[in-house]
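Worksheet: one structure, shown below.
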Amino acid sequence: MITRKALLWRLALICALYFGLIYFGGIWGWRLLYPIRIFVTVLHEFGHAFAAIISGGSVDYIQINPDSGGLTVTRGGSQGLIILGGYLGSVSFGNALVFIGAAKPKWIKSTLIVIITILVLAGIIWFNSVFTFLILVGFAVSLYFIGFKTRYARESLLVLGVLSLLYILQDTAHGPVSDLQAFESEIGLFPAGVWMILWLCLALALLAFNLKNLLGGSTLTTASSTSPNKS
């Protein structure tokens, strides 16, 4: 079981790496973070798809673009929930990865198997383009190699979870613009700018709740040493 001190160090290191690449990495930093941008897009589109399914709709296809944009085409379901599912779904998935990586070591490989299976099935069932298929299968193969052929299964979930959350929160004002406009048109009540603030507040509340559980509760051990088995 990871300790609070070890988790804090890992979170600090991941955050430092991210912001270092963002502000000092130049073109190489942009290129190194490209997989994270694509992964966030995958989470975002899966959020739309999941919301469609649980609200009684269906998914025609998911498309991931080389510029890190994405599109999910659905039928039926609750349009408001489907639109909201992209942003809050990706935030929820990111928090789940951090929580499992930090506090549930016995769940890590099972979680990886679920993610790998979903990625491959989505690439096949919701096939739209060769690029999308290669991206989804490429992530699946990478996660399999890291999770089952190295000792860094836990780190893979923590890194993907933390970097995804950082990118999602930092990109709130720009990334979900089309979703915010669609949500304003579907739900009304407030302009897109107000909905953006409300979405961000909800995302921060989810993150704060997750961190409180990890760092302030009894989820983690307080011993000064970690388990030798990181995965």
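In summary, residue 75 fulfils each of the numbered conditions (1) surrounded by fewer than 20 Cβ atoms within 10 Å (Cβ to Cβ); (2) modelled with pLDDT under 90 with the single exception of condition (2).
When residue 48 is tested against (1) surrounded by fewer than 16 Cβ atoms within 10 Å (Cβ to Cβ); (2) under 22 Å from residue 187 (Cβ atoms); (3) of a type outside the set (A, V, I, L, M), just one condition goes unmet, and that condition is (1). Going by the structure shown, is residue 80 modelled with pLDDT under 90, surrounded by fewer than 19 Cβ atoms within 10 Å (Cβ to Cβ) and in a helix (DSSP H, G or I)? Judged against the criteria, residue 80 is a match.
Residues in segment 8-24: is at least one aromatic (Phe, Trp, Tyr) and closer than 30 Å to residue 125 by Cα? Outline the logic, then answer.
Step one: filter segment 8-24 for residues aromatic (Phe, Trp, Tyr), giving 9, 18-19, 23-24.
Then keep just the ones that are closer than 30 Å to residue 125 by Cα; that gives none.
No.
Would you call residue 158 at pLDDT 85 or above and of a type outside the set (Phe, Trp, Tyr)? Here the answer is yes, as residue 158 does meet what is asked.
Among the residues of segment 124-160, those that are within 23 Å of residue 100 (Cβ to Cβ) and touching a Phe, Trp or Tyr at 6+ places or on another chain (Cβ under 8 Å) comprise 139, 146, 160. Residue pairs whose Cβ atoms lie under 8 Å apart, separated by 6 or more positions or on different chains, with the first residue in segment 191-205 and farther than 20 Å from residue 96 by Cβ and touching a residue at least 60 places away in the same chain (Cβ under 8 Å) and the second assigned to a helix (DSSP H, G or I) and not charged (D, E, K, R), do not occur.
For segment 51-68, filtered to residues that are more than 17 Å from residue 83 (Cβ to Cβ) and in contact with a helix residue (DSSP H, G or I) (Cβ under 7 Å, 6 or more places away or on another chain), the residue that is surrounded by the fewest Cβ atoms within 10 Å (Cβ to Cβ) is 66.
The values are calculated or read from the model by the stated rules, or taken from the named source; none is laboratory data. Treat the numbers as computed from the prediction; the structure is a model and nothing was measured. Note: ideal-geometry Cβ built from the backbone for every residue, glycine included; neighbour counts use all protein chains shown.
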